[in-house]
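Bear in mind these aren't lab numbers, they're just calculated from the coordinates by the rules spelled out. Keep in mind the model is a prediction, meaning the values are calculated, not measured. When we count neighbours, we look across all protein chains shown, and the Cβ atoms used for this are built from the backbone with ideal geometry, even at glycine.
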Amino acid sequence: MHASRPSLADIIPVPNNEDYFNMAGVVYELTRGNQRGLYAAAACIYAERYPDRYHPPPRSFLRSHTNALAYGNFNPPRPANYEVQENIHTGEILAAFEENPHTSSRAVAQTVGVSQYTVVNVLQKNLIMPSFTQSSSIKR
């Protein structure tokens, strides 16, 4: 029996708001004076304070600090048209799968003129699972 491979999220967990808050606190302590650019030192201090957590690279401290200053949030805002593009094509994407449930997300993406990621995202939001069929190219 083969052991299953760990997912990327198991290896490198996604930081949550508490992690970002702690990272910002460490950066704030180091940058109170005119000591900008000490993100590597902030990463070391974070690793010492939180040894049981994932240790983000220095660029994560730089990014979260920059975003907090610029946007008042640790993550930058999404573009205004982010959800709009999906909503415009949702009807076309769902209609394509109603017409032929065995079509591929790649084919629908090319037909509609959006990315395959957008097609899969629309299907997931509408709780539709594309059917998986064995391809003829897999035959041995």
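With r defined as the distance between the Cβ atoms of E92 and R59 and R0 fixed at 25 Å, what FRET efficiency is calculated, to the nearest 0.05? With a Förster radius of 25 Å, E is 0.05. Stretched out straight at 0.36 nm per residue, the stretch from C44 to H102 would grow longer than its current Cα-Cα span by 15.7 nm.
Sorted ascending by nearby beta carbons within 10 Å, beginning with the fewest, V114, V120 become V120, V114.
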